[in-house]
Amino acid sequence: MNRQSTARSDASPLRPGEEYRRRQLVEVTIDCLAELGYAGTTLLQIARRAGVTPGLVSHYFADKDGVLAAAFRTLVRRVGEQVRVRLETTATPRARIQAVIDANLAPELCNPRSGRAWLACWGQVLQVESFRRIQAAYQRRMLSNLQSALRQLMPMQEAHSLAAMIAAMIDGVWLRAALSGWRESDSDGARALVTAFVDERLKGGASADDGSGPLSASSTADFRVASAAGKRLASLNPATGELLGHVAIAGPEDIDAAVLAARQAQPCWAATSAAERARILRRAAGILRARNDELAALETRDTGKPIQETRVVDVVSGAECLEYFASLAQSAAGEHIDLGPRAFGYTRREPLGVVAGIGAWNYPLQIACWKAAPALAFGNAMIFKPAELTPLSAVQLQEIFLQAGLPPGIFQVVQGYADTGRLLTRHPDIRKVSLTGEVGTGKAVMRDASATLKNVTLELGGKSPLIIFADARLDQAVSGALLANFYSAGEVCSNATRVFVHRSIRKEFLRRLVARVSVMRIGDPLDPDTQVGSLISEQHLQKVLAYIARGRAEGARILAGGERQLRGSLAKGFFVAPTVFDQCHDRMSIVREEIFGPVMSVLEFDDEQEVIERANATEFGLAAGVFTNDLSRAHRVIGQLQAGTCWINHYNVTPIELPFGGIKMSGLGRENGRAAMEHYTQLKSVYVAQGDIDAPY
Ligand code: NDP
């Protein structure tokens, strides 16, 4: 047998463990190429660094050229994948050209490690046939992507010659920058150069574009995922009415295809070492942090929330969650159980397989990260459906995961309405659904999931109480009540919209509260000074206004706000002034039902036991808070409150380390904290006999 015939052929099916080993060897080879160049990279070097024998490397790749060709193919595939994802999320010809530029000059390709590895491979293209073929495919693909976009803007011949120029620019700019050790230009500089060139060439001719306007790399217009039926939904900026773009609605065929891709990719991901999974999640967190401001602006435009919030919360919280679960990935251990001298047992934590995440519209990126991080850390594949009103940032997250090295198929975003969600919850090959949404949706999801006995995690609505005792530090309590009601224009599930204030301090509390509410700045969410942005939609605005009207009709007294804001450009959006109701009682609809808007109800109480009973007199049980300086009372009261998440002398802070979730009608299961591990893994018990079997037969 010659060495060639003992090597695994690329086409032969690999088991997950083998696939993992193969990928590990390819990664090590890329590192060697970057550090040692082509000549210095040997089978021995690769084997040493991977901690295996050279024979094992030959087993998979035959010889040095075999493993180097696999590394080159991986580098080329990565660019291809980047291009594919970017093309899927853009629709206009100009945006497609930009996608090719951005993918080929992305920061992951324009850095010393990647640069040296590519240069080492390019150096062999004229000598080694397999390298020549890989390079030819790479060049062909880039040209054809550019040509097909340009053909929509100009006659064919012109399109082909401009495509060749842009391709030469991309490769030329990259090569000069790489040869200068990235001193002449970095990724941003390289992209800016080629973008300027393309803009210049398209001047005048761009009118042939399809009407969505010119796009920059980070523009939001026209995000898409594949859709067999070709139906789309539009995403609007609720603060201005501006059309942000369209996404394609996933139908049954799309969901089947996504599930199949996830099923195929998941075993290999599960077999990837926890350390490697953790590295990829950390890289994704790094990219999120690096793109914080841009993603925050996108989230602000899609949700109407103030940029002063999204810049410090939404993206950061997502990154923190990825980092936290990256660190937990490696500690997902089972137990050893002593069963006497003749046996022992152990348990293994194993992934569930393919899981689905369905998100609400108030914290789209954060919700996507909170669900994806534990799912991926513990070896599952996730298909995520954002809310129809806020579809954009999840697409960016999918792209970021791929950039970070997540294998295709492990995190996929599908878009659509409730029908698309139902396709996920009813799919027989999905093992779990994690929903963030309303109670009614939670019930529907649980019903649908029961047919295939899926695990469910439900993060649902609330009508949470905040109890302020007479001994509380009053200004702190006012701050807590503001945070508990007006952050994100009140569109926060855990908001404490029932504020119980001890009778002896009610007047002073209200005086200080109203003074601070009346100076809150309502305005353009992109203005860093704005504190209250737009509600999510016209329909939601009407719901909130209807509740305010009912509150008035039922006899509550408005101390602040209570109206839609229509001055100037605010009329284009759905702005409601932060509203404070006094003289509320427990039977009013504003006190019993979730409004999900900037509406606070203040209630009076006299003693501890009374307020605990009233606080618990709700079907919900998501959150609760207590302000008091009496240590014993704080813990005594918290111990009796029926809520999954509680705060003492604070409100609405949600560190990733603490599990988050509700009881009663507010949900099932927990997100974040070590507890989330339970919800994204399953336990296998193994009995190991150490003696003979006493068979009675
Ligand atoms: P919805 O329940 O209306 O929607 C949530 C998601 O479920 C959306 O993606 C929606 O799609 C989808 N969906 C709707 N019906 C079904 C179905 N039958 N099967 C599968 N999926 C379905 O919630 P909102 O988006 O309006 O969000 C607001 C609610 O979310 C509030 O009640 C709030 O309290 C709660 N929430 C809870 C949180 C928590 O952690 N406990 C955090 C944030 C919000 P589509 O958008 O297309 O309708």
When each of Lys371/Lys454; Lys305/Lys371; Lys231/Lys371 is checked by Cα-Cα distance, pairs over 18 Å: Lys305/Lys371; Lys231/Lys371
Exposure of Glu129 as accessible area (Å², to 10), given a probe of 1.4 Å and all protein chains: 90
Three-way shape label, the stretch 568-639, alpha-carbon gyration tensor, a/c 1.5: prolate
In Å², nearest 10: area of Leu641 left accessible to a 1.4 Å probe: 10
Portion, in percent, of the accessible area of the stretch 450-605 that falls on carbon or sulfur, probe 1.4 Å: 50
1.4 Å probe accessible area per residue over the chain, in Å²: 41
Estimated 222 nm signal from helices in the chain, with DSSP H stretches of n ≥ 4 weighted -39500 (n - 2.57), rounded to 500: -15500 deg cm²/dmol
Cα shape, the stretch 106-196, gyration tensor, a/c 1.5 rule: oblate
Peptides 60-70, 571-581 ordered by average Cβ neighbours within 10 Å, highest first: 571-581, 60-70
Cα-based shape type of the stretch 340-457, given that a ≥ b ≥ c are square roots of the gyration tensor eigenvalues and the cut on a/c is 1.5: oblate
Descending semi-axes in whole angstrom, ellipsoid equivalent of the chain, from the Cα gyration tensor: 49, 35, 21
Carbon and sulfur %, accessible surface of the stretch 622-697 computed with the full protein complex present, 1.4 Å: 55
Along principal axes, Cα extents of the stretch 286-334, largest first, whole Å: 44, 18, 14
Accessible area of Met520 in the full protein assembly, 1.4 Å probe (Å², nearest 10): 40
The stretch 153-204, accessible surface, carbon-and-sulfur percent (1.4 angstrom probe): 58
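The values are calculated or read from the model by the stated rules, or taken from the named source; none is laboratory data. Since we're looking at a predicted model, the values are computed, not measured. Cβ atoms come from the backbone with ideal geometry, glycine included; neighbour counts cover every protein chain shown. Accessible surface is based on the protein model in full, side chains and every heavy atom, while ligands, DNA and RNA are left aside. Shrake-Rupley method; radii C 1.70, N 1.55, O 1.52, S 1.80 Å.
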